[in-house]
Structure formats: C-alpha cells, structure tokens
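Just so you know, all these numbers are worked out from the coordinates, no wet-lab data involved. All values reported here derive from a predicted model rather than from experimental measurement. Heads up, the Cβs are rebuilt from the backbone with ideal geometry, glycines too, and the neighbour counts pull from every protein chain shown.
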Amino acid sequence: MPVRRLDPVLVDRIAAGEVIERPAAAVKELVENALDAGATRIEVAIESGGRQLIRVIDNGAGMSAADLDLAVERHATSKLPDGDLSHIGTLGFRGEALPSIGSVATLDIFSRTEAAREGGHIRVDQGLKRKLVPAAQPQGTRVEVRELFAATPARLKFLKSDRSESQAVVDVVQRLAMAHPQVRFALSGPEISGFDYAPCAPDGDGLLRRLTQILGKDFQPNALPLEAEREGIRLWGFAGLPTWHRANANGQYFFVNGRPVRDKLFAGAARGAYVDYLPAGRYPALVLFLACDPREVDVNVHPAKAEVRFRDPGLVRGLVVGAVKQTLEGALHRATPSNGAAALDMLSRPRGNGFAGWQRPQPAHWAPETSVAYPGVAEPQASFTGLAPGADARASVEAFPQGPDALEAPLGAARAQIHETYIIAQTRDGVVVVDQHAAHERLVYEKMKTAREKGGIERQVLLIPAVVEMEAAAVRRLADAAPLLADFGLVVEPFGPGALLLREHPSLLKNLNADALLRDLADVLAEDEGVATPLERKLDHVLATLACHNSVRAGRRLLPEEMNALLREMERTPGSGQCNHGRPTYVELKLADIERLFGRR
C-alpha cells in the first residue's frame, strides 16, 4: 500500500483527538485562553454536558481582525513571541486548541480589542473555515462551540451521560478558579447547579475565601496555612488537618505557575508528608500552589498539559514534604471540628420511641463486661474517678482541683473519667472527650521518634532474658530485622527452632508484655514482606507498635493529676489530635451546640 499525505481536515481531527477528548477539555482550553488574555470576568455556559453548546465570554484584551483570522489556523499562537519552549509563561502556547475544536464542531468566535471600532466574527464549520466578517462585540472575546464531535460520531459513543460530562466541566472551571482567585468565574447549565464566584483579593485571605467558595464551609476550619521557599521555588496553600481525611485523592489540588496539574510527584509527596497521621486507605485533603522559573519545569510533556516535569524533582518533593510536615507539626493537638458535629448529630437522632439518646433496656442476663463494646459507651454504669455516685458539682471540683487558668487551656480541665477509657474535660465554652489510650499512644510515639532522631532510644537490660515461643516464620522475620529493632532499643536473638530471646527493651516501655509485643512486631514485618516499602515507613511501623504497647490502656483508672498531665502534654505534642492509626484522640463539643441539643437555644 503506497504512502500518501492525509487530508488537512483529517489531520486536524486526529490532532483534536489528542487535545479535545471530551467537552471539559474544550472548556479548559477556552478558559485558559481567556485568562492568558488578562480577563477579570469569565462566564461559561453549557448545554447537554457541552455536546450541544459551550459558550465562553470574557472581558480580556480581545483580538484584532488579523489575529482573529489567523487564530483558527494550526500552530498559530501569540504566546511564544521568541519561539522558546523552555520559557513558557502562559497557560496555552501550542496554537492547537481553536483549530482542533473547529475541526470537530461548529466554532464561532467574536472578538474586539479596546482600540478597534468594531469587532470581528469568524466561523469554522467542522473543519471548513468561513470568511471573517464584522460584528458588534464589546471588548473581549465570545466563543461558541456547537454540535461538538458531530463530524466524528465515533467519539460521541465514548462520552458519558450529560450529567457526568457537565460535572467534568464543573471540575475544570473550579480548578482554574482556585488558581486565579482575583477573577470572577460563572458557570451555568441545565444539568448542573451553577455558580458565580465573586473576585477575591490576591492575598492569603482572598485565596482562602475563594477555596471556601468552591470546597465548602468545612474547608476553612480544617485548613492549615502553609508557605515555604527553597532555591527560588515558592510553595504556599493549605494543608488539611489529618483528621479531616478522604476516601480517595479527589480532595487534593495541585497548581504549578497557575496551571492545575495532576502529577504523581505531588501525590507521592502528599502521601509521604501524611504517612505518620492517616489510617490505611485514607487520603489527605490539601491545596498547594507552586511557583518557579518556567525554565525549571516542562509543561509540554502531555497533550492536555495535565502533567509537568521538573528539572530537579527531588528538590520539589523535598520542599513539599518538609513544608507539609512542618505545618502539621505546628498544628499540635488540633483536630477537625467535624468530629464534634458528627457526635452531636448521632446524639440528636431519634431512637426507639423517638426520644434522643433513649435505648432499649438490656435483657436481665446481659453484663457489660461480656459486651464486644466493653469498655465503651454502651456500658450503662459510669465510674467517675474520685467521685461517689450522686456527688454534687462541688464534690466534682474538689476531686479535680485546678489552677485558675485551667479552663482557658485548649483542652480544658479534667472533670471525670468514664468507663476507665474516656476523660471528660471542661473548657471555657464546651466539653472535650479524650480517648486516653489513643492520646497516650501518640505521645509515646512522638517521644520515641524524637529520641531516635537525637541519637538513639535508651535501653534497659533484662536481668533474666525473656523467652518467647512463636512460629518459625515469625522467628525468622524478627531475627532478620534484629539490626533494625536494635536501633529502637529492642535486642532479640534466635533461641532454638521456635523461640526468640529478648535481652533488652526500650526504657520507655513499662510493664512490658514481651510475648504480645514480639508477635505484633512479627505481624507488622509480615505485612511489609515482599513489598517495596520504604525504610522510613518500616521504621514508623515498628515505632507505632512499640508505642501502642507502652500506652495507657483502656480500662485503667487514672488519677486527676494524671488526666490533666495527659491533656497538657497533648497540647504540646505535634500530631496529638490523632493516634498512630489515624483515629481522632478527642472530640470537642461546644456548649452552644449542647444547649441546642437539649432545646435550650
């Protein structure tokens, strides 16, 4: 079969398949052109998910008649004046978007510059360019795309429902609105709930307002401001509290020089920064912006410009991981207020006969200690340390003496312990419920991490080494990991075919149950076996297991002094808002919300 040159219209349609894969891609290209034109107001309207109509109106610089006639030609652009692909300072630059759209749709462009007396209008109908004609048009540009993919019906078969395609358009416009808070963005369409985001100041407060407009009112109380700079690369944005996590990575937004990107480098850096805080299978929520010299990043590695490549990816990853970790450590004990709202929601739900909090009486043979929830909130009797049943409020205060400023502390003053598991603390404007085991586990973990970083964990030699019998496979795993465990103050060695000898353990571990600890460590090592787990993650697994075995257990009664000491230490310890497994260590209930729960407000 001889080689032949393809028809120019067919070439354009092939190129459109790379650039315009769905209506949202066309919207992205058109909105980016508007931003490059300096627009401060951008209005988008769609019909049938963008199949029937896409309209983008902006108040940017506009185009002259000559520029408008050339703009629909392939590889014609005003954004590379010197042809230097290593210095790209705009969102669009290839000159493929408009001709690609015009090859698979009916494209109408109306535009006028400030100096022009009249505007111009040009149409490209399924690849056929019409003659430029004068048109009435205010300063700026209006682009209308109709019957998208009408010339390529095979592409229509691969599109999703109108609602799904519309939602993809919403996502594209919202991401661009995040990156440009000073611009007004409006979107409307029959399949979506439209929006109109007012312009915000181009500072940190304005950015937070714009992100709250898009991500919802829960974003602001859960967002930690972040800013860092290294070797000419600047990073800023907001990192979500670790207790405000998600079931997938859809809550992560990354931007490079104002360009929304979906990059594996940023996703991996986010996982690395939150690795100490999140439960398995959960993802952090964060919005990060990075600005650097355009020569340090290649934005031309993906047809849709969704991915980038950095000249020094290690520098960027280190900056992101370090800045996010430092921000999370600075948050200390903070946890998401949503936990308290969820608790109040559970309390306010009608149960049984409709009264909030009412539960069906337990059968006569039921005992709390046999319940799978024990110790927990299902137990009908509460044991208040230092208080006799029926004690009044004065007895409570006497049993828990406090300094004059105790109520002003973030976690308040301890008032009681219930079920030998939960500490009840009073703040100036609410109540805090603390899971004593989860909280203490985090405190021990952070102490051991600090000790390891400062040169090693102190050991205690056992007068009589402990012999632990276990499966041969578990013995082998622990023996192979002996050098690693020794760094944590845990000295073990094989003792026959099915046993292990424990000679030393960390001094922090009191009342150690050697059998349970070594079995748990063997299970942790088994999870990492055959998996390319980074050494740092393996170390964190071992530390978390050690910390768990040294923590105050549920079911242990604490003295008032111990409870308050735990609260104060939580306020000083980074990451104490969640345990090593990512669960919250405390829930705060505001007094106003509790009063509403009882109908007092």
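How long are the three semi-axes of the equivalent ellipsoid for the range 447-497, computed from the Cα gyration tensor as the root of 5 times each eigenvalue, in whole Å, largest first? Let's see the in-between values first.
Working: eigenvalues 112, 37, 11 Å².
Ellipsoid semi-axes (Å, largest first): 24, 14, 7.
Determine ³J(HN,Hα), in whole Hz, for all residues of the range 122-137 in sequence, where each value follows from phi through the Karplus function 6.51 cos²θ - 1.76 cosθ + 1.60 and θ = phi - 60°; x replaces Gly and Pro.
Ordered by residue, 3J(HN,Hα) equals 9, 10, 10, 10, 6, x, 9, 7, 8, 6, 5, 10, x, 7, 6, 7 Hz.
Label-point separation (nm) for L591 and T212, each offset 7 Å from Cα along Cα-to-Cβ?
Result for the modelled spin labels: 2.5 nm.
Ranking request for peptides 431-443, 213-225, 133-145: highest mean number of other beta-carbon atoms within 10 Å first, then the rest in descending order. All intermediate terms of the calculation are to be shown ahead of the outcome.
Working: 431-443: 23.1, 213-225: 16.2, 133-145: 18.1.
Highest mean packing first, the order is 431-443, 133-145, 213-225.
Evaluate the relative contact order of the range 8-197 (contact order divided by residue number), counting alpha-carbon pairs under 8 angstrom at least 6 apart; express in whole percent. Write out the running numbers ahead of the final one.
On the way: 413 pairs, mean separation 53.0, N = 190.
Relative CO of the range 8-197 lands at 28 percent.
Just to confirm a number: summing +1 for Lys and Arg and -1 for Asp and Glu over residues other than Q252 whose beta-carbon lies under 14 angstrom from that of Q252, what do you get? Please list the in-between numbers first.
Values: positive: R175, R246, R262, K264, R271, R282; negative: D171, D263.
Net charge in that neighbourhood comes out at +4.
If we restrict to alpha carbons, what Rg and Dmax does the range 204-330 come to, in Å?
Values for the range 204-330 (Cα only, Rg and Dmax): 14.0, 40 Å.
Determine the sum of side-chain charges near G232: Lys and Arg each +1, Asp and Glu each -1, restricted to other residues whose C-beta is under 14 angstrom from that of G232.
Working: positive: R230, R234, R295, R311; negative: E229, E231, D293, E296, D312.
Result for the neighbourhood of G232: -1.
Give the aspartates and glutamates reachable from K217 as a straight Cα distance under 17 Å; neighbours fewer than 8 places away on the same chain don't count.
D196, D205
Can you tally the lysine pairs in the range 8-197 where the Cα-Cα distance is under 28 Å and the two residues are eight or more apart, or on different chains?
Working: K28/K79; K28/K129; K28/K131; K28/K157; K28/K160; K79/K129; K79/K131; K129/K157.
The result is 8.
Under a no-solvent Debye model with one identical scatterer per Cα of the range 256-317, what's log10 I(q)/I(0) at q = 0.14, 0.18, 0.22 Å⁻¹?
-0.44, -0.69, -0.94
Checking the cross-link filter: which aspartates and glutamates have an alpha carbon closer than 14 Å to that of K325, excluding same-chain neighbours under 8 positions apart?
Excluding near neighbours in sequence, the set is E227, D276, E446.
Quick check: pseudo-label points 7 Å beyond the Cα along Cα→Cβ at R5 and R234, how many nm apart are they?
Placing both labels 7 Å beyond Cα along the Cβ direction yields 4.9 nm.
Determine the shape class of the range 84-208: with a ≥ b ≥ c the square roots of the Cα gyration tensor eigenvalues, call it rounded for a/c under 1.5, and otherwise prolate if a/b is greater than b/c, oblate otherwise.
Working: a/c = 1.62, a/b = 1.15, b/c = 1.40.
It is oblate, given that a/c is not under 1.5 and a/b is not larger than b/c.
Against the 2.2 N^0.38 Å scaling, with N counting residues, where does the range 8-197 land? I'd like the Cα-based Rg ratio to two decimal places.
Working: Rg = 15.6 Å, N = 190, 2.2 N^0.38 = 16.2 Å.
After normalising by residue count via 2.2 N^0.38 Å, the value is 0.97.
Calculate, for K160 and R41, the FRET efficiency according to 1/(1 + (r/R0)^6) with r their C-beta to C-beta distance and R0 35 Å; round to the nearest 0.05. Spell out each step's value before the answer.
Values: r = 30 Å, r/R0 = 0.86.
Given R0 = 35 Å and the Cβ-Cβ separation, E is 0.70.
Return the percentage of antiparallel bridges among DSSP beta bridges fully within the range 204-330, rounded to the nearest 5 %.
Values: 20 of 25 bridges.
Within the range 204-330, antiparallel bridges account for around 80 percent of the total.
Q182 versus R572, label points 7 Å from Cα toward the beta carbon: distance in nm?
4.5 nm
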